[in-house]
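Chemist: Got a structure for you, written out below as structure tokens; questions coming shortly.
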Amino acid sequence: MLGGFQTGIQGLTLGHIVMVAIGFIFIYLAISREFEPYELLPIGFGIILGNLPLTGIMTSPTGRPGEAGLLGVIYSYGLYLYTVLPLLIFLGLGAMADFGPMLANPKIFLLGAAAQVGIFTSLMGALLLGFNIKEACSIGIIGGADGPTTIYTTAILAPDLMGINAVAAYSYMAMVAFIQPPIIKALTREKERRIAMRELRHVSKTERIIFPLVALVFIVLFVPRSAPLIGMFMLGNLFRESGVVPRLFKAAENELINIVTIFLMVCVGASMSADIILRPKTFFILGLGLAAFGVGTATGVLLGKLMNLFLKEKINPMIGAAGVSAVPMSARVVQKLGREADPRNNLLFHALGPNFAGVVGSATVAGVFLGIVG
Amino acid sequence: MVDWGVALRVVILGVAMVFAVMGFLALIMWLMGVVYSRQERIRLVLSRLTWGRLRVPTAEEAALTDEEVAAVTAAILAYLEEPETVTDRERMPSSSSQWVLEVREQLISSHIRRIIRRWAPATTSNWTLTGREMLMGEEMTFRG
């Protein structure tokens with residue numbers, strides 16, 4: 001020691017070095033490949049900050065002045081103890097959500113539900129691999145392709161897994177364009193991919209205002225533990241659709257979500273310490289997360305095909321894949337595949353319906369998990 | 001040791017709950033769509049049932065004529081030519097005709113309809129000038 005002064009080098013271990021390297025890789029992916037940069041850039045930076053030794057930056061508050069680290073305070077009060085930060089992001093996401101395509105064609109709510117089946121298959125897979133029920137639920141929710149829901153659920157059920165689950169969720173959301181097309185093509189015929197859908201009807205302002213209120217009351221009555229997620233989401237949406245609170249709407253859509261994203265993602269990254277991440281369980285989680293995405297894509301498409309057996313006006317079954325609520329990436333994947341099959345086909349707005357329905361669906365599932373095992 | 005009983009309960013209840021909730025929401029939204037598409041007929045029936053005490057659509061709320069829409073569109077475009085509207089221009093999408101379509105959709109909503117009719121003078125050219133004054137005075141949200 002240098003006269004009582006300790007350098008970080010003395011505390012450096014192989015685990016720290018590996019994690020810092022992983023942080024640099026995430027930053028590279030974010031900047032150079034533009035893989036979910038709003039999430040992976042701060043997560044990568046947080047990994048580096050949290051894994052440089054002896055910084056104290058992740059020290060939790062003890063009540064004594066000067067002892068808590070910057071990220072330790074934000075992590076403790078925003079995530080670990082009170083799980084507030086992901087809910088504030090959901091408020092911003094609600095302000096960005098446009099339920100018009102879903103309201104114009106309500107039967108596609110069911111496609112959003114079908115795509116959540118991937119969550120449950122991964123849950124069972126996680127149990128078989130030796131995870132306990134709480135860990136399995138938090139791993140399964142990755143299949144909802146919803147970052148804040150994943151972080152919120154994991155922070156409550158299995159806080160140790162929060163970092164890896166968040167990274168898995170956002171990484172797979174960024175790779176939706178690679179994961180979904182082979183599954184969609186395998187499950188659909190060319191003729192089905194060419195199905196054109198009629199232009200959506202106009203959705204009145206009244207319907208847009210009533211929906212978040214009805215959805216809030218209905219969902220929370222049936223799944224009370226979904227109240228924080230659904231409540232914040234619908235509040236943000238009401239700000240948007242009411243049109244009478246433009247400052248609140250703009251703040252939720254911009255300043256709030258941006259500020260919270262910075263703190264949340266840096267904390268999520270900093271919580272990923274070597275002893276938690278560098279173990280075989282991490283690879284199981286990554287595999288299960290990928291499986292959840294794949295199964296969710298498949299079940300959404302399959303329900304679309306099943307619905308076509310009964311519908312006079314057919315839907316393009318590919319839009320079921322957008323029920324995996326990676327908004328708007330999976331809707332864009334469906335649009336691209338639709339155009340490949342028929343250049344005149346315009347499926348984007350139709351696919352946005354199940355996309356946003358999936359967000360509501362995954363929040364509902366999270367509420368069920370928290371209600372039973374939370 | 002895994003409690004498979006709890007696990008099965010989570011899976012069965014979770015799947016059932018998400019389909020039930022989404023299915024009911026779809027039903028409610030479908031009903032709302034039906035009511036919206038038949039609102040004029042419903043209003044007429046309610047008006048008859050309440051002996052005309054229920055407020056029926058006034059002339060102010062009737063749909064804008066094509067001439068009125070064209071005049072207001074011209075007013076908006078004239079407004080945007082003014083230098084102080086440069087922030088609105090930044091919000092315009094690349095095709096100005098698409099923007100005009102979106103604005104026209106906004107204008108046809110009943111709230112704006114009432115404002116327009118209150119301001120409409122007798123002749124179209126005066127109406128264009130008045131439309132510009134209205135746009136500068138009223139707070140309007142354009143989806144750009």
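Chemist: Taking every pair of alpha-carbon atoms in chain A, give the share separated by more than 25 Å as a whole percent.
Modeler: Value for chain A (Cα pairs over 25 Å): 55 percent.
Chemist: Another question, then. Tabulate in residue order the Karplus-calculated ³J(HN,Hα) for segment A:10-26, using 6.51 cos²θ - 1.76 cosθ + 1.60 with θ = phi - 60°, rounded to whole Hz; enter x for Gly and Pro.
Modeler: Once θ is set to phi - 60°, the couplings for segment A:10-26 become 5, x, 6, 10, 4, x, 4, 5, 4, 5, 5, 4, 4, x, 5, 5, 4 Hz.
Chemist: In addition: Can you compute the modelled spin-label distance between A:SER32 and B:LEU46, with each label point 7 Å from Cα toward Cβ, in nm?
Modeler: Going from the A:SER32 label point to the B:LEU46 one covers 6.2 nm.
Chemist: Please give the total accessible area that chains B and A bury against each other, computed with a 1.4 Å probe and expressed in Å² to the nearest 100.
Modeler: 2900 Å²
Chemist: I've got another one for you. Going by alpha carbons, how many degrees (0 to 90, nearest 10) lie between the helix axis of A:117-128 and the longest principal axis of chain A?
Modeler: Compared with the principal axis, the helix lies near 40 degrees.
Chemist: Moving on. In Å and on Cα atoms, what radius of gyration and Dmax does segment A:179-320 show?
Modeler: Values for segment A:179-320 (Cα only, Rg and Dmax): 20.6, 56 Å.
Chemist: With θ set to phi - 60° and the Karplus curve 6.51 cos²θ - 1.76 cosθ + 1.60, what are the ³J(HN,Hα) couplings of segment B:20-36 in order, to the nearest whole Hz, using x for Gly and Pro?
Modeler: 5, 5, 5, x, 5, 4, 4, 5, 4, 5, 5, 4, 4, x, 5, 4, 5
Chemist: Would you work out if segment A:3-102 is rounded, prolate or oblate? Take a ≥ b ≥ c from the square roots of the eigenvalues of the alpha-carbon gyration tensor; rounded if a/c is under 1.5, else prolate when a/b is larger than b/c, oblate otherwise.
Modeler: Oblate.
Chemist: Amide H of A:ASN346: which non-local residues (sequence gap of 5 or more, or other chain) have their own amide H closer than 5 Å, using H built in the peptide plane?
Modeler: Amide H neighbours of A:ASN346: A:MET197.
Chemist: With no solvent and one equal point scatterer placed on each C-alpha of segment A:258-324, evaluate the Debye formula and give log10 I(q)/I(0) for q = 0.14, 0.29 Å⁻¹, two decimals.
Modeler: Ignoring solvent entirely, the Cα scatterers give -0.67, -1.07.
Chemist: Further question: Using the Karplus curve 6.51 cos²θ - 1.76 cosθ + 1.60 with θ = phi - 60°, work out ³J(HN,Hα) for each residue of segment A:271-288 in order, rounded to whole Hz, and write x for Gly and Pro.
Modeler: Once θ is set to phi - 60°, the couplings for segment A:271-288 become 6, 7, 8, 4, 5, 8, 8, 7, 8, x, 4, 4, 5, 4, 4, 4, x, 5 Hz.
Chemist: Let me ask something else. Is the C-alpha gyration tensor of segment A:71-189 telling us rounded, prolate or oblate? Criteria: a/c under 1.5 is rounded; beyond that, a/b larger than b/c is prolate, otherwise oblate.
Modeler: Here segment A:71-189 falls in the oblate category.
Chemist: If you wrap a convex hull around the Cα atoms of segment A:1-48, how much volume per residue is inside, in Å³?
Modeler: Hull volume over Cα atoms, normalised by residue count, gives 69 Å³.
The values are calculated or read from the model by the stated rules, or taken from the named source; none is laboratory data. The model shown is predicted, which means the values in this text are computed figures rather than measured ones. All Cβ positions, glycine included, derive from the backbone under ideal geometry; neighbour counts span all protein chains shown. The accessibility values were calculated without ligands, DNA or RNA, using every heavy atom of the protein model including side chains. Shrake-Rupley method; radii C 1.70, N 1.55, O 1.52, S 1.80 Å.
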